[in-house]
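J.: Sharing a structure here in structure tokens format.
The values are calculated or read from the model by the stated rules, or taken from the named source; none is laboratory data. Remember, predicted model here, so these are calculated numbers, not experimental data. Backbone-built Cβ (ideal geometry, glycine too); neighbour counts: all protein chains shown.
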Amino acid sequence: MSTSKYPFLIPVPPRAPRVRPSRLARWIGRSILRIGGWRVVGELPDVSRLVLIGAPHSSNWDGVWGFAAKAALGLDIRVLGKDSLFRVPVLGWALRGLGVIPVDRSRASRVIEQAAAAIHGNEAFWYGLAPEGTRKRVERWKTGFWKIAKAANVPIQTLYFHYPDKIIGFGPLIQPGDDPDADMAKIRDWYAPWMGKNRGTV
């Protein structure tokens, strides 16, 4: 997709997973971003499989802007959703259409296994989640995203929301090492400048 007509978007590289082309979905996503004054910055990695983390996650509006960017770019990013939400037929259908995967969050180890298996089982698969695990401020981030990336042997892609400038930004690609505490500290430090709708990450 050419971004010359849409300066608030960035190019999508060849190996990034894409959804089935839909002019309507792209138009809706672009329109939401344009009306809201949001733009996507940074550089998407030319990687077929990864774990994508988005922070700060402080408002339900993050989902609106995030899904709008996803639709505008035509990216196929799968995200977690409470399995209870899928018991409502219409809502479950809509969530699946947005790339949401039903999961039982009460069994954390099972979530990690499911996610790693899904990444391994697909030629191209971007798996997205919020490392904070909640919209409230937390002292420690959940390590699930690191464990998933490590188990699947894929890198971690950083994404941030910066509400003061209405930016959704793609940051560095991080390969998980052997020290989860060191990796988590490095990632938290990188997120320090960005401000969500209601708070930052520090």
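J.: So which of Pro193, Pro172, Pro164 is surrounded by fewer than 16 Cβ atoms within 10 Å (Cβ to Cβ) and assigned to a strand (DSSP E or B)?
T.: Being surrounded by fewer than 16 Cβ atoms within 10 Å (Cβ to Cβ) and assigned to a strand (DSSP E or B) holds for just one of Pro193, Pro172, Pro164, which is Pro172.
J.: Where the second residue is surrounded by fewer than 13 Cβ atoms within 10 Å (Cβ to Cβ) and the first is small (Gly, Ala, Ser) and lies in region 170-193, which pairs have Cβ atoms under 6 Å and are six or more apart or on separate chains?
T.: Listed by first residue and then by second, the contacts come to Ala192/Val202.
J.: Taking the options Ser2, Ser59, Ser84, name whichever one is modelled with pLDDT under 95, polar (S, T, N, Q), under 29 Å from Lys136 (Cβ atoms) and over 17 Å from the mean Cα position of the chain (by Cα).
T.: One residue alone meets the criteria, Ser84.
J.: Could you please find all residues in region 38-60 being part of a loop (DSSP other than H, G, I, E, B) and touching a residue at least 60 places away in the same chain (Cβ under 8 Å)?
T.: Trp38, Glu43, Leu44, Pro45, Val47, Ser48, Pro56, His57, Ser58, Ser59, Asn60, listed by residue number.
J.: Report, by residue number, each residue of region 175-190 that is in a loop (DSSP other than H, G, I, E, B) and in contact with a Pro (Cβ under 7 Å, 6 or more places away or on another chain).
T.: Answer for region 175-190, where residues must be in a loop (DSSP other than H, G, I, E, B) and in contact with a Pro (Cβ under 7 Å, 6 or more places away or on another chain): just Gln175.
J.: Quick one: count up the residues across region 164-185 that are more than 12 Å from Trp146 (Cα to Cα) and of a type outside the set (A, V, I, L, M, F, W, C).
T.: Residues meeting the conditions: 6.
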